[in-house]
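The values are calculated or read from the model by the stated rules, or taken from the named source; none is laboratory data. Keep in mind the model is a prediction, meaning the values are calculated, not measured. Note that we place each Cβ from the backbone using ideal geometry, even for glycine, and neighbour counts take in every protein chain shown.
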Amino acid sequence: MEQSLPKRIEILNILDQFIAGSISRKQVSGWAISIINSDSIRKTDDTVWKVLEGLGAADLLATDQEFLYTIDDFIAWKSELLAPWSI
């Protein structure tokens, strides 16, 4: 049985929790990877999928900085998710 992607509001909540320091990069990555690796997920929103891919790599290390993605990336993903609701 196919499952839908998480709603944008759910991902925004995860982003808010991470930005506030309530959850770790490892928790964010684990959550996103569990969705990405699911064989039953139906990709219906390209923006949500792109953000999930980034979140799945949230705990990857980089050579020129501590992590591949910085807080600025998380904030940018949040803006992308909110864009359809902006005026």
Single residue of the range 1-34 satisfying the filter (farther than 17 Å from Ile75 by Cα and of a type in the set (S, T, N, Q)) that is surrounded by the most Cβ atoms within 10 Å (Cβ to Cβ)
Gln27
Here the residues within the range 29-87 that are under 18 Å from Ile9 (Cβ atoms) and among the aromatic types (Phe, Trp, Tyr) are Trp31, Trp49, Phe74, Trp77, Trp85
A careful count of residues in the range 35-66 that are under 13 Å from the mean Cα position of the chain (by Cα), within 24 Å of Gln3 (Cα to Cα), without any contact (Cβ under 8 Å) to a residue 40 or more places away in the chain and surrounded by 10 or more Cβ atoms within 10 Å (Cβ to Cβ) gives 8
Quick one: what pairs do we get from the range 1-15, first residue over 14 Å from Ile36 (Cα atoms), second in a helix (DSSP H, G or I), C-beta under 6 Å, 6+ apart or different chains?
Arg8/Leu81; Leu12/Leu81; Leu15/Phe74; Leu15/Lys78
Which of the residues that make up the range 1-46 are at pLDDT 95 or above and among the hydroxyl-bearing types (Ser, Thr, Tyr)?
Ser22, Ser24, Ser29, Ser34
Taking interchain pairs and intrachain pairs at least six residues apart, which have beta carbon atoms under 6 angstrom, with the first residue in the range 67-87 and without any contact (Cβ under 8 Å) to a residue 60 or more places away in the chain and the second charged (D, E, K, R)?
none
